[in-house]
Amino acid sequence: MSDTQPGNIENVLQEDRRFPPPAEFKPRVSFKTNAEYEAAWNRAKDDPAGFWGELAKENLEWFEPFTSVMSGDMPETKWFEGGKINASVQCLDRHLEKNANKAAIIWEGEPGDTRVLRYQDLHREVCKFANVLKRLGIETGDRVTIYMPMVPELVIAMLACARIGATHSIIFAGFSAEAVADRNNDAQAKLVITADAGWRRGKEVPLKAAVDESLEKSPSVEKVVVYQRTGADVTMVPDRDYWWHELMENESTDCEAVALDSEHPLFILYTSGSTGKPKGVLHTTAGYMLGTTMTTRWTFDLSDEDTYWCTADIGWITGHSYIVYGPLSNGATSVMYEGAPNWPDEGRFWELVEKYQVSIFYTAPTAIRAFMKWGDQWPGKADLSSLRLLGTVGEPINPEAWMWYHEVIGGERCPIVDTWWQTETGGIMLTPVPGVTETKPGSCTKPLPGVVPAIFDEQGNALEINQGGLLVMTQPWPHMLRTLYGDHDRFVETYFSKFEGIYFAGDGARTDEDGYYWILGRVDDVLNVSGHRLSTMEVESALVAHEAVAEAAVVGFPHDLKGEGICCFVTLKSGEPNAEMKKELTAHVRKQIGAIATPDQIRFAPALPKTRSGKIMRRLLRDIAAGRETAGDTTTLEDSNILAALRKNDDS
């Protein structure tokens, strides 16, 4: 039996490679030295009101100055009270004097059509659509659902809502009609903005049809605006449905932004729970805007010279914070792409990097593992020399994927910022500072200024180095969620009930001897094998380190002797799975980690169940491994057919 204390997670994966900042990388606008970063971090910890107050005065545009920087302890903290502000002014108006002609968005559709919107173009379109919203009866405080493909009109709709103080609720344009109805009803949305359809891998995704179906169960929705993207045939209901282009045709380009309270709700974004209805995470205006502005600048060293590309969908928090609000607040030029990374072939992303001379590239570990599976020949066909900084987001990155990204995409010259954050945190919390922080494959390294994390055991005791436990935040930060829409009790229960006055992230982590953080995945995914608490992420990393494995997901299942057994779902790069490969992978994990992590089952799968943002849905795999029926919310699942295929493929 292990002598590990309850609540601790054992550290079984060793990673000793280190990469100092490349000598040729010179920070432009971020921290220039480690001493500068340390000074800022300590100032923010010791004097948060002074630190954030100064940044808010210097980096945000105010109609009226705030009278208080922060008030109240978590979970009831408020920021910049007394101030009046508007997010669309922060993203657009303040850039017009010097950068009106600068490209804000360089857009490419999946079929290859392109558009460039300068800051003055974006400002003009946002003002026009804000006037459209007002003519349709939308007022400050109303909720508006946006269910659109990755087209510039999605950004225009967001910022138009922000301009008049309507709270937007964006739903990823792959969710079902049922999911749209649920979110409409929870937010009591008054208007839905959608498109006839969108493009995905050469096929039309019927969005208006899904909205029509959702409205049979969405009594609060009064009107629908439809952007014409593909020309698909759609049903337009008189006095309810309106074409975007017709509404915009003769609209005024003047629309004064509403001066909103700092704590005015900017947006609701729904995130799935393992049980119960999706949670409507609510972010407010001033604190969120300051957080996304500063974390974008610090993390990506984003300057006027850069062309930046975050490959996420705006339907997720990554797109909200690091395609729209953060980059536009900083006056950046962003690439925005509508379609799939493997359409018409697996080289599409790298062609875009070359075509638009992308200098900063931010994507998910899931995508990186897909790139690895597709082969080095695809990035090898493109000139990637414009890249100067790489980033990862969405889940812990396994060291082998990190190394591939470093070598094949970054040419061993680009720093990698491995970022940890959540829908709830609003912005990046833990990350290397590019050009300053020595990196280690698989570690998100250090907290940004204003982020004061700790690792606790189940009793709330701080753990020593290399003891895995529960990742918590001990100090409030401006861009944190304020509540769950319409359910403040659930908000307190979900995030602040385990340790009073402290935010519990739901993730496990450890720190090493350098104070670097290593995320061990969701605590729900921790295995308890014969008294040893093991991180599934570390077992997955061992599997993916094998040359034959493209992707792996590890879950526990009830075991008569061990309490929990280890079940590994594995996708191979190529070839047919067989008994010999099972033996080889089992031995590989045992060698990499130790006997305690020996898999009890290895199940081969052509694909793994993922959300539409690319995260593996391990709780569904736990149900399969345990022989249970699928439970909980599955509205975010990309392909439900995968579950049926996995259930057929038992460990025979």
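Points worth noting:
- Test: residue in segment 535-546 that is modelled with pLDDT under 85, of a type outside the set (Phe, Trp, Tyr) and outside any helix (DSSP H, G or I): yes
To keep it simple, each residue is scored yes or no on (1) over 14 Å from residue 479 (Cα atoms); (2) of a type in the set (A, V, I, L, M, F, W, C).
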{"residue": "285", "(1), (2)": "no, no"}
{"residue": "292", "(1), (2)": "no, no"}
{"residue": "316", "(1), (2)": "yes, yes"}
{"residue": "343", "(1), (2)": "yes, yes"}
{"residue": "351", "(1), (2)": "yes, no"}
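- Segment 223-246: number of residues that are buried (at least 17 other Cβ atoms within 10 Å of the Cβ) and outside any strand (DSSP E or B): 4
- When the test is whether a residue is of a type in the set (Val, Ile, Thr) and either surrounded by fewer than 20 Cβ atoms within 10 Å (Cβ to Cβ) or modelled with pLDDT of 90 or more (or both), residue 624 does not pass it.
- Scanning segment 477-498 for residues that are touching a residue at least 60 places away in the same chain (Cβ under 8 Å), of a type outside the set (D, E, K, R) and not in a loop (DSSP other than H, G, I, E, B) gives 483, 484, 491, 492, 494, 495, 496.
- Conditions (1) closer than 21 Å to residue 321 by Cα; (2) part of a loop (DSSP other than H, G, I, E, B); (3) not charged (D, E, K, R): number failed by residue 417: (2)
- Matching residues in segment 281-308 - criterion: being farther than 27 Å from residue 67 by Cα, of a type outside the set (Asp, Glu) and crowded, with 24+ Cβ neighbours inside 10 Å: 299, 300, 302, 308
- Taking every residue in segment 163-176 that is at positive phi and pairing it with any residue that is of a type in the set (Gly, Ala, Ser), at least 6 positions away or on another chain, the pairs with Cβ-Cβ distances below 8 Å are 165/141.
- Scope segment 591-620; condition closer than 19 Å to residue 528 by Cβ and in contact with a helix residue (DSSP H, G or I) (Cβ under 8 Å, 6 or more places away or on another chain); matching residues: 593, 597, 598, 599, 601, 618, 619
Each row is one residue, and each column tells you yes or no for (1) under 26 Å from the mean Cα position of the chain (by Cα); (2) modelled with pLDDT of 95 or more.
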| site | (1), (2) |
| --- | --- |
| 226 | no, yes |
| 233 | no, yes |
| 237 | no, yes |
| 240 | no, yes |
| 256 | no, yes |
| 267 | yes, yes |
| 272 | yes, no |
| 277 | yes, no |
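- Boolean, residue 311 is over 21 Å from residue 442 (Cβ atoms) and of a type outside the set (Gly, Ala, Ser): no
- Taking residues in segment 99-116 that are closer than 16 Å to residue 154 by Cβ and touching a residue at least 24 places away in the same chain (Cβ under 8 Å), and partners anywhere that are surrounded by 13 or more Cβ atoms within 10 Å (Cβ to Cβ) and of a type in the set (Lys, Arg), the pairs with Cβ atoms closer than 6 Å and at least 6 places apart or on different chains are 107/115.
- The requirement of being touching a helix residue (DSSP H, G or I) at 6+ places or on another chain (Cβ under 8 Å) and among the charged types (D, E, K, R) is satisfied by residue 424.
- Filtered residues of segment 324-365 (kept if out of contact with any helix residue (DSSP H, G or I) (no Cβ under 8 Å at 6 or more places or on another chain) and either in a helix (DSSP H, G or I) or outside the structural domain of residue 270 (by TED's automatic domain parsing) (or both)): 348, 351, 352, 353, 354, 355, 356
- In segment 398-414, the residues that are in a loop (DSSP other than H, G, I, E, B) and either within 12 Å of the chain's Cα centre (by Cα) or not acidic (Asp, Glu) (or both): 398, 410, 411, 413, 414
- Of all residues in segment 456-483, those satisfying the criterion of being closer than 12 Å to residue 8 by Cα, surrounded by fewer than 23 Cβ atoms within 10 Å (Cβ to Cβ) and touching a Phe, Trp or Tyr at 6+ places or on another chain (Cβ under 8 Å) are 456, 460, 462, 463.
- When segment 533-592 is filtered for residues that are in contact with a strand residue (DSSP E or B) (Cβ under 8 Å, 6 or more places away or on another chain), closer than 15 Å to residue 401 by Cβ and of a type in the set (Ser, Thr, Tyr), only 571 remains.
The values are calculated or read from the model by the stated rules, or taken from the named source; none is laboratory data. Note that the coordinates shown come from a computational prediction; the quantities given were computed from them, not determined experimentally. As a convention, Cβ positions derive from the backbone with ideal geometry for all residues, glycine included, and neighbour counts pool all protein chains shown.
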